[in-house]
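Down below is the structure, laid out as structure tokens.
The values are calculated or read from the model by the stated rules, or taken from the named source; none is laboratory data. The structure displayed is predicted, hence computed values, not measured ones. Cβ sites come from the backbone with ideal geometry, for glycine too, and all protein chains shown count toward neighbours. Each accessible area value is taken on the protein alone, full model and side chains, heavy atoms only, with ligands, DNA and RNA left out. Shrake-Rupley method; radii C 1.70, N 1.55, O 1.52, S 1.80 Å.
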Amino acid sequence: MSLFRAIATVGGLTMVSRVAGFVRDLLIARYLGAGPIADAFFVSLRLPNFFRSLFAEGAFTAGFLPLFSRTEAREGRAAAQHFAERALSLLLVSTFAFTLLAQIAMPLVILFLAPGFAGDPLRFPLSVTLTTITFPYLLFISLAALYGAVLNCLGRFFSMAATPILLNLVMIAGMLWLTPHMPNAGYALAWSTLVGGILQFLWLAWDVHRAGLSLRLRRPVINDKVRRLFRLILPAAIGAGATQVNLVVGLILASLLPAGAVSYLFYADRINQLTVGVVGTAIATALLPTLSTQLAHGNDKAAMYTQNRAMEFGLLLSLPASIALLVIPFPIISILFQRGEFDLATAHATSDALFAYALGLPGFVLSRTLTPSFHARQDTRTPVQIAAVSIVVNIGISVALLNVLEHVGLALATAMAANMNTLLLMLVLYRRGLWQADERLKRRSLLILLASIGMAIMLFLLDRFALPGWYAGGFWQRSAALAVLIGAGMAVFLACAMLLGATRPSEWKAILRRS
């Protein structure tokens, strides 16, 4: 499977997941709004997701996948399967122990994660209870990450990319069916999250079995390959999770602000993460096994070309999305979420956070296209050092802006840290001779920016002069206004991009036909 066919597969399914996720978020906004119960649930959801990204899908995949690819290329499929089984056993033991420890110490964990909740008679105890329910999700999604990495190595991207759809559907069903039988919707969502994690694991285990690699649980043994895996995982746990660390820093500081700040950041980040999830995740998922295979066969020139095309594709989709969010953040938030408990003031506060997040959107996406270049070379230490710098930048800017811009300052700090992280990744790869922007990437980056500016002008005119009357209408008229903004924005950008030569359909069709 070609790189861009894999990106199309992962990206398409991720888009379906994001659509389901928006339906879920619309229901969350309706049932919870931005009050104390919402704050408590978002903390309970952030914690297992943080560790999942840090240790499971981030660090574990970064360390496991290149080793699995190299073992299969040099020693055969049987040796690779044996290595995967050893890794599975160790992952199960370690995540189970970590989950048990976290459950015992959950009040202390919440005090660390959300110190502003201390003494709050509703948010603190509810956060402890809900996180106790959701945290075992980490165990199942960690095992799912291993199965997904094996499938990606085999060129089977569909099942792993489809797993988030399962979670979103289960959470939607939980809100609709469980809420009447629970103390509040937060409990229904927490239990739904856990059930969704179990289903994701079972789905991927079944597909690995279909691929002919039924992984057995073996007695945990620390051999040379496993030692190498842990040496790669430990630094990658920080490097791959830089964005998550920055988001958690924002969460800790947001808990010190008045009620609602945590929720404003959550809703804004959901919109911002649409592009990061669809584009950044798709590229990173497809890029790591592709680069690992190319480098395992000594094809450095092909790896360089692949890296440039991945960055070009990332910019083609993230830069116009970033500029669109800068121009029309309020209509997007208001039309999508403003109903029920989500009022006008909440919409304004959330759109301000979205504007700040959007400044770092290209940085979020490009960092995901650059980090696999290190991981494919089994270098997980360098991203750690770069991540440490971005975390320090995030904390410094967050503290400086907290009292001035409140939650908006936290979103701005996260965006600036993401851009810093990307610039440092590019600089290190360039200085080591592992990456250099070719002429096509340089030229097309500028053309993509020009096409995005053309789109921005059109969006500004529509928002200010053509659609204000539609915004004041009913649900369907407001929805039609958003559809016009999105459709017109995409059409104008694509037209400008093709006229300027920023992209050519024939090139992407040719790439998709390659095997």
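A few notes on this one:
- Simple point charges give the picture: +1 on the Cβ of Lys and Arg, -1 on the Cβ of Asp and Glu, and for the chain a dipole about the Cα centre of about 1680 debye.
- Accessible surface computed residue by residue for region 351-490, with neighbouring protein chains in place and a 1.4 Å probe, gives 45 Å² per residue.
- Selected from 48, 147, 367, residue furthest toward positive end of dipole (the chain; charges at beta carbon): 147
- Each listed q (0.14, 0.18 Å⁻¹) maps to a log10 I(q)/I(0) for region 255-389 from the Debye sum over equal C-alpha point scatterers, namely -0.71, -0.95.
- Over region 441-492, relative contact order from alpha-carbon pairs under 8 Å, at least 6 apart, %: 41 percent
- Overall dimensions of region 451-492 by Cα: Rg and Dmax, Å: 10.4, 33
- For region 102-141, with all protein chains in place and a probe radius of 1.4 Å, 81% of the accessible heavy-atom surface sits on carbon or sulfur.
- Alpha-carbon Rg/Rh ratio, for region 359-422, with Rh computed the Kirkwood way: 1.07
- Reciprocal mean inverse distance between Cα atoms of region 113-188 - Kirkwood radius, Å: 15.0 Å
- Value at 222 nm in deg cm²/dmol, rounded to 500, when DSSP H runs of n ≥ 4 in the chain each add -39,500 (n - 2.57): -27000 deg cm²/dmol
- Principal semi-axes in Å for region 135-230 [√(5λ), Cα gyration tensor, largest first]: 31, 16, 10
- Accessible area per residue, Å², region 105-156 with all protein chains present, probe 1.4 Å: 30 Å²
- Atom-type composition of the exposed protein surface of region 263-413 places 63 percent of the accessible area on carbon and sulfur (1.4 angstrom probe).
- Calculated on C-alpha atoms, the gyration radius of region 69-212 divided by its Kirkwood radius gives an Rg/Rh of 1.07.
- Mean separation of Cα contacts under 8 Å, 6 or more apart, over the residue count of the chain: relative contact order %: 22 percent
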